[in-house]
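Step one of this worksheet: look at the structure below.
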Amino acid sequence: MKRSTAGPGSIAATWERARSGDLRGGVEAAHRALAELGANASTASRVELHLVAAFCLMRQGHHSEALRELDAAGHAAAAPQAGSGAMRRVETWRAELAYFQGRYSAANEIIDRVLEPLEQTGDWLYAAFALRIRIAILLARADYEAVAAQSARALRAADASADDYVMVQILNILGAVHFDRATSKLPEPHARSHLSSLDPGDAVLMEDEAREALRLFERARGVASRAGYEFAAWYVAGNIERLEILLGRAERAVRAIRKRLEVLQARGATYDEIVTRSNLAWGLRTLGRHREALHELDVALNLARETGTFNVMLEFLHYDRSVVLYALGDAAAARVSYRRYLRLIGESNRSAQTAPGVAGGLRKRPLEPFLLKRADRFIVEHIAEPLALERVAEHCGVSWRTLQKAFVEFRGLTPVAHVRNVRLDHAHRALDQGAASVGDVAARFGFRSPTTFALEYRKRFGMAPSRTKRALRS
């Protein structure tokens, strides 16, 4: 991470090679430089070169090899002449590896130990790095308030470091927070959804947060481009592409993602490839190309398994796969993927219960199974018709018992009650507009009996439908 001035410049050059995205070349250069170090070489040089190798190996998904490099760096940093600062840097990288592996509690414990000493000793580059890891964990747990409490601190540390690469990292993660927080602007039952569970039409409610996310991403890309960090600019572009998908420009985003995927594969950036394939699958699904989307998700899942990537990305891959499988009509396989997603959420929440530095062991609420959103659309499209539970379930590709269980678990009411509430809410809006009679409104939204409509309307809104009409006229 650090642009070291130790040695004849080879360490700084090796770091720059790694930062530029040449991950395989970065490992080779670090190992070559380590082999060339003499017996009298400084401990700091050994530590830095092992950290370069660990950084590159993590980004490639080679976690066990990265751990070996961190152990070697730790051994060098334990030498009396190394000083405590070297060990804190090694520990910060251990926190990064723990984050990649989904061991959030372990990562937070390390950051608790090293953050204040890093700030107190003026090691601003690593202080910003530690804060970026913590913010990423808080984002994975959707703890937006805790992120807000850390964001100014992270920006100050990045600015004090005078390091463009670290500033890009901070701006990018803060943009991701605003992008994710934008989903919290959505009304229930789809609030706080994973982005790929949204449709382009949902973007209106997210506009302000999405605009702030775009501002941060574009600022990050600008810093990366000016500093010559082309690879960093490329992965920031991935977040901009997600915004384009959401705003209805999926065709253009898919073309750009495919080009970027080729570069990532050539450079061996496996973790970034997993994220990028997830974005590509979302864009393809938005365009109705579900078979292609399923292929991208399956490749990403295989890469995640091969590399031991068990953070929030794995959760989202299984959730997205359930959405695509529902669209392809394979409801049984979709339920399997969704259950795997729920199991991962459960493991994350159990970890969060004892996590230091996380407010009250914040629990993450699972996303609804996509069949509920599919049911919502069907109900609205057929709102004037009689709607038996079996008919809605058949459209969703599940049994009526499965549909009922999903509604009760995630909405707290039965499908029949949900259909009734949807009809009443639409009727209420129609009466507010004042264009039709109470009887016409009742019939338009599926109520065969005006008397039944009036009784149910009073229960839900505390007044008769005719009173809504009078209130509008007055």
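The values are calculated or read from the model by the stated rules, or taken from the named source; none is laboratory data. All of these numbers come straight from a predicted model, not from anything done at the bench. Virtual Cβ from ideal backbone geometry, glycine too; neighbours counted across all protein chains shown. Side chains included, ligands, DNA and RNA excluded: accessible areas come from the protein's heavy atoms. Shrake-Rupley method; radii C 1.70, N 1.55, O 1.52, S 1.80 Å.
Before moving on, here are some points about what is shown:
- Of all residues in segment 65-122 being touching a helix residue (DSSP H, G or I) at 6+ places or on another chain (Cβ under 6 Å) and among the acidic types (Asp, Glu), the one that is nearest to Leu51 (Cα to Cα): Glu69
- Residue in segment 292-299 that is open to solvent by 10 Å² or more (accessible area, probe 1.4 Å) and over 19 Å from Met313 (Cα atoms) present: yes
Condition check ((1) touching a residue at least 24 places away in the same chain (Cβ under 8 Å); (2) open to solvent by less than 40 Å² (accessible area, probe 1.4 Å)) across all residues:
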site: Ala393; (1), (2): no, yes
site: Thr402; (1), (2): yes, no
site: Pro415; (1), (2): yes, yes
site: Asp432; (1), (2): yes, no
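- Residue list for segment 62-118, filter: in contact with a Lys or Arg (Cβ under 6 Å, 6 or more places away or on another chain) and of a type in the set (Gly, Ala, Ser): Ala76
- For segment 259-277, the candidate set comprises residues that are closer than 18 Å to Val312 by Cα and open to solvent by 10 Å² or more (accessible area, probe 1.4 Å); within that set, the residue that is modelled with the highest pLDDT is Arg277.
This table checks each residue for (1) small (Gly, Ala, Ser); (2) within 39 Å of the chain's Cα centre (by Cα).
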{"site": "Asp376", "(1), (2)": "no, yes"}
{"site": "His382", "(1), (2)": "no, yes"}
{"site": "Arg391", "(1), (2)": "no, yes"}
{"site": "Gly397", "(1), (2)": "yes, yes"}
{"site": "Leu424", "(1), (2)": "no, yes"}
{"site": "Ala454", "(1), (2)": "yes, no"}
{"site": "Gly462", "(1), (2)": "yes, no"}
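- Residue in segment 260-269 that is out of contact with any Phe, Trp or Tyr (no Cβ under 6 Å at 6 or more places or on another chain), more than 27 Å from Phe55 (Cα to Cα) and of a type outside the set (S, T, N, Q) present: no
- For first residues located in segment 59-73 and within 11 Å of Val27 (Cα to Cα), partners that are open to solvent by 40 Å² or more (accessible area, probe 1.4 Å) and assigned to a helix (DSSP H, G or I) and lie 6+ apart or on another chain with Cβ distances below 8 Å form the pairs Gln60/Arg24.
- Unique residue being under 30 Å from Arg153 (Cα atoms), at pLDDT below 95 and within 27 Å of the chain's Cα centre (by Cα) when the list is Arg19, Arg89: Arg19
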